[in-house]
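Quick notes on the structure that follows.
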């Protein structure tokens, strides 16, 4: 079972109550694709709002008071936010371009990789934004402490926890985007 297949018990029955062992490959691809799109919808709005927020910061009066390191950090955050938005938009554009070309299996695989990458980068972005804000509001040393704590928390929540659950479930490839029953 891959992370995209959702929860199921040892009999192949899903949390939704139907038996996935009899699910066709086409039905599994459709379900995987729909689940990916739903996850993208959840992430897309927040990441676009954060990117927009970062875009308007230079137009604030206090922006001119930033030192060179803060300006460089800000520019890095802005570029990272835009990369994340692009990663989250790519599966939608891919679907529109490749609609009815019978490549859904490849689209699901690529979209899964893009989404996983976007989630990890979003964790880095959120940490970086917190560091930036704490640096501006308090001190750089406070910002470093906050950054290290948040980075550790993001690593635990976004990497270690899913890996642990995957190992406990016996999912050899909890990071694998393959479409297994």
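Quick notes on this structure:
Residues are listed down the side, and each one gets a yes or a no for (1) under 19 Å from the mean Cα position of the chain (by Cα); (2) surrounded by 13 or more Cβ atoms within 10 Å (Cβ to Cβ):
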| residue | (1), (2) |
| --- | --- |
| 24 | no, no |
| 28 | no, yes |
| 33 | yes, yes |
| 36 | yes, yes |
| 42 | yes, no |
| 47 | yes, yes |
| 50 | yes, yes |
| 54 | yes, yes |
| 57 | no, yes |
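- Checked against (1) modelled with pLDDT under 90; (2) more than 24 Å from residue 46 (Cα to Cα), residue 141 meets all criteria but (1).
- Put simply, of 79, 69, 43 the only residue that is under 13 Å from residue 125 (Cβ atoms), in a helix (DSSP H, G or I) and at pLDDT 90 or above is 79.
- Count - residues of the stretch 125-139 that are free of Cβ contacts under 8 Å to residues at least 12 places away in the same chain and assigned to a helix (DSSP H, G or I): 2
- Exactly one residue out of 158, 115, 122 is surrounded by 13 or more Cβ atoms within 10 Å (Cβ to Cβ), over 20 Å from residue 74 (Cα atoms) and in contact (Cβ under 8 Å) with a residue 40 or more places away in the chain, and it is 115.
- Count of residues meeting criterion [more than 16 Å from residue 37 (Cα to Cα) and loosely packed, with under 11 Cβ neighbours inside 10 Å] in the stretch 59-102: 11
- When the stretch 32-67 is filtered for residues that are free of Cβ contacts under 8 Å to residues at least 12 places away in the same chain and in contact with a helix residue (DSSP H, G or I) (Cβ under 7 Å, 6 or more places away or on another chain), only 63 remains.
- Residues in the stretch 161-171 that are loosely packed, with under 12 Cβ neighbours inside 10 Å and at pLDDT below 75: 1 in all.
- Residue that is farthest from residue 52 (Cα to Cα) [pool: residues in the stretch 130-145 that are buried (at least 18 other Cβ atoms within 10 Å of the Cβ) and in contact with a helix residue (DSSP H, G or I) (Cβ under 6 Å, 6 or more places away or on another chain)]: 143
The values are calculated or read from the model by the stated rules, or taken from the named source; none is laboratory data. Treat the numbers as computed from the prediction; the structure is a model and nothing was measured. All Cβ positions, glycine included, derive from the backbone under ideal geometry; neighbour counts span all protein chains shown.
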